[in-house]
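See structure below.
The values are calculated or read from the model by the stated rules, or taken from the named source; none is laboratory data. Since this is a predicted model, take the numbers as computed values, not measurements. So basically every Cβ, Gly included, is an ideal-geometry build from the backbone, and we count neighbours across all protein chains shown.
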Amino acid sequence: MDRHPLSERRRRLDAFLAAQQTRAYSLAHAMTRNPDDALDLVQDSMLRLARHYGERREEEWTLLFYRILNNRIRDFHRRRTLWRWLPFSEALDGPEEHPAAGTSSDDPQRQAQQDGEVKRIHQALARLPLRQQQVFLLRAWQEFSTAETAAALGIAETSVKTHYRRAISRLRQLLNTDGVPDEDR
């Protein structure tokens, strides 16, 4: 038996968070389109999980973490919407960033094309309602099941299916393509 069960649990929690970092950042970045905001949201979500839920069973950590992250993203959008209603907000807002998340390539023309496609996808995602964005990103990009997505967002599985179907339909319209993943994964 381990003489330091708390330190072992902390080590496992650290390993879990390290394993989630890249995926969580990708999700937050797609939802905020700002690398600094995305990093802040991920770090805050990790801290909240460690502080409030670190003692929970390890099997619960993934869904708890993504529920926390998605709640933080929703709060971020609420604050941003409220901020825009304030009369002085335009003077403080800088230009909105849209960094491309494409992979590096030796062919500059191909890289430019990939970057353009990534930008188109981000713009199309931004036009979806927030809940559809969340469901789509968890299901399609994070490869969560319907049940996992429902648990992470705190909504019913039927709502996940509805939001996912609507997101795919709208993305197909916006992107004019059939290359979006099917609902039945």
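Summary table
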{"quantity": "Arg78, sole failed condition from (1) farther than 24 Å from Ala150 by Cβ; (2) at pLDDT below 90; (3) not assigned by TED's automatic domain parsing to the domain that holds Asn176", "calculated": "(1)"}
{"quantity": "Subset of region 61-84 [in contact with a Phe, Trp or Tyr (Cβ under 7 Å, 6 or more places away or on another chain) and either surrounded by fewer than 16 Cβ atoms within 10 Å (Cβ to Cβ) or of a type in the set (A, V, I, L, M) (or both)]", "calculated": "Leu64"}
